[in-house]
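Asks: Here it is, the structure, as structure tokens.
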Amino acid sequence: MLAILQLAEAQTQHVVGGTEGWKIPSNDSVYQDWANNQNFSVGDILVFNFVTNQHDVVEVPKDSYDICSPEFATNTTMKGPAKLTLNNSGQFYYICSFGTHCIQGQKLAIIVSNSSSSSSSVAPSPQSSWSPAVITTTATAAATFSLIFIFSFMVVIL
Ligand SMILES: [Cu+2]
């Protein structure tokens, strides 16, 4: 039961393009701008909101993505709206194969990370903040010692 709850909590649904949905975008950076503000992890779901027979979702290798070709498609989804689960980490590329839609910007490239963002960002930070704290403490101690030394020296002279 707990495992099911945790699994459900770890899954994030990413609605591609937000309210704009999956269509010919108003400008060709819409989907890249959208993707830049998302953290994709294995197990997350991509939601493509589109009308069947007006668009599709074709997963392609990078070379095909670059030239908007569905020739080497690894996965094609014809029915909208579509939910695609991200099963693997790495870079993934999606295009629409209808007409010139892809050339007009209906294409998406994402990077899927292995771990959830919370566990990966917490780990390195304590290590990096430790050493400066130690150095500061040592420097303060050294300054205090030299002050004591100067004072005791002055006392001896007087
Ligand atoms: Cu399209």
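Asks: Give me the compactness ratio for region 2-120, meaning the Cα radius of gyration over 2.2 N^0.38 Å.
Replies: 1.05
Asks: Net charge near residue 53: determine it from the other residues with C-beta under 15 Å of the C-beta of residue 53, scoring Lys and Arg +1 and Asp and Glu -1.
Replies: +1
Asks: Summing +1 for each Lys or Arg and -1 for each Asp or Glu, what net charge is found among the other residues whose Cβ lies under 11 Å from the Cβ of residue 75?
Replies: Here the count lands on -2.
Asks: I'd like the FRET efficiency for residue 26 and residue 113, computed as 1/(1 + (r/R0)^6) with the beta carbon distance as r and R0 of 22 Å, rounded to 0.05.
Replies: 0.15
Asks: Quick one: net charge around residue 97, please, counting Lys, Arg +1 and Asp, Glu -1 for every other residue with C-beta under 12 Å from its C-beta.
Replies: That sum, taken over residues with Cβ under 12 Å, equals -2.
Asks: Still on this structure, I have one more. Quick one: what are the phi-derived ³J(HN,Hα) couplings along region 38-43, Karplus 6.51/-1.76/1.60 with θ = phi - 60°, whole Hz, x for glycine and proline?
Replies: 10, 10, 9, 10, 4, x
Asks: Give me the compactness ratio for region 52-97, meaning the Cα radius of gyration over 2.2 N^0.38 Å.
Replies: Normalised Cα radius of gyration, region 52-97: 1.12.
Asks: Take residue 51, project a point 7 Å from its Cα along the Cβ direction, then tell me which residues of region 58-81 have their backbone nitrogen under 14 Å from it.
Replies: Correct set: 80-81.
Readers should treat all values here as calculations from the given coordinates under stated rules, not as data from a laboratory. Small disclaimer: the values here were computed from a predicted structure and weren't measured. FYI the Cβ positions are ideal-geometry reconstructions off the backbone, even for glycines, and counts take in every protein chain you see.
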